[in-house]
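I have placed the structure first, in the form of structure tokens, so that the comments after it can refer back to it.
Computed from the coordinates by the stated procedures, all read-outs in this text should not be read as laboratory data. Just so we're clear, the structure is a prediction, and the values are computed from it rather than from any experiment. We place every Cβ from the backbone using ideal geometry, glycine too, and count neighbours over all the protein chains shown.
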Ligand code: AMP
Ligand code: ZN
């Protein structure tokens, strides 16, 4: 546990939250400042800042809980769809440095955008640049 981490404090029961699911390794609770009714966060119980800081089985557990939650949340708030996302790192908008997946219920005509709306100016990549990036990713190892 990281003492000054708000999500660790929720996991420890030191500050209140609307907990909706719990497993050995994960906790899911309602976002206190929801983008939509039913906006839920899934966190690993142990403190990891970024997704890739977590061991692969814990990361898989978090995604499994997202999988379990989406239909349940949609059904409870009568949503039409869901946006699932992780702000993985400060430059991506992560404000709480304890990895968490957002499950955001979406409604026809809710005025929101697709995941594509999160990025800034789009790059205009050449074929060579696509290939170089693809080959780099294929050949890379976790750092
Ligand atoms: P992010 O920008 O991805 O780090 O998102 C952090 C999220 O945590 C925001 O959507 C906040 O509304 C939410 N949040 C912050 N504090 C709490 C809290 N005490 N309980 C529930 N959600 C919280
Ligand atoms: Zn934490």
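In segment 2-22, of all residues being surrounded by 14 or more Cβ atoms within 10 Å (Cβ to Cβ) and more than 22 Å from residue 105 (Cα to Cα), the one that is farthest from ligand 1 (Cβ to nearest atom) corresponds to 2. Contact list please: Cβ distance under 7 Å, first residue in segment 115-139 and closer than 30 Å to residue 104 by Cβ, second residue surrounded by 10 or more Cβ atoms within 10 Å (Cβ to Cβ), pairs at least six apart or on different chains. Here the result reads 115/83; 115/85, each pair linking segment 115-139 to a residue that is surrounded by 10 or more Cβ atoms within 10 Å (Cβ to Cβ).
State which residue is surrounded by the most Cβ atoms within 10 Å (Cβ to Cβ) when the search covers only segment 23-37 and only residues that are touching a helix residue (DSSP H, G or I) at 6+ places or on another chain (Cβ under 6 Å) and in a loop (DSSP other than H, G, I, E, B). Looking at the filtered set, the residue picked out is 25.
With under 24 Å from residue 74 (Cβ atoms) and away from ligand 1 (no atom under 15 Å from the Cβ) as the only criterion, which of 36, 60 stands out? Break it down into steps so the answer makes sense when it comes.
Values: 36 fails: away from ligand 1 (no atom under 15 Å from the Cβ).
Going through 36, 60 in turn, the sole match is 60.
Tell me whether segment 73-88 contains one or more residues that are in a loop (DSSP other than H, G, I, E, B), away from ligand 2 (no atom under 16 Å from the Cβ) and surrounded by 17 or more Cβ atoms within 10 Å (Cβ to Cβ).
Of segment 73-88, the ones in a loop (DSSP other than H, G, I, E, B) are 78-80, 86-88.
If we keep only those that are away from ligand 2 (no atom under 16 Å from the Cβ) too, we end up with 78-80.
Then keep just the ones that are surrounded by 17 or more Cβ atoms within 10 Å (Cβ to Cβ); that gives 79.
Within segment 73-88, one or more residues are in a loop (DSSP other than H, G, I, E, B), away from ligand 2 (no atom under 16 Å from the Cβ) and surrounded by 17 or more Cβ atoms within 10 Å (Cβ to Cβ).
Of the residues making up segment 60-112, those that are closer than 22 Å to residue 10 by Cα and in contact with a helix residue (DSSP H, G or I) (Cβ under 7 Å, 6 or more places away or on another chain) number 10.
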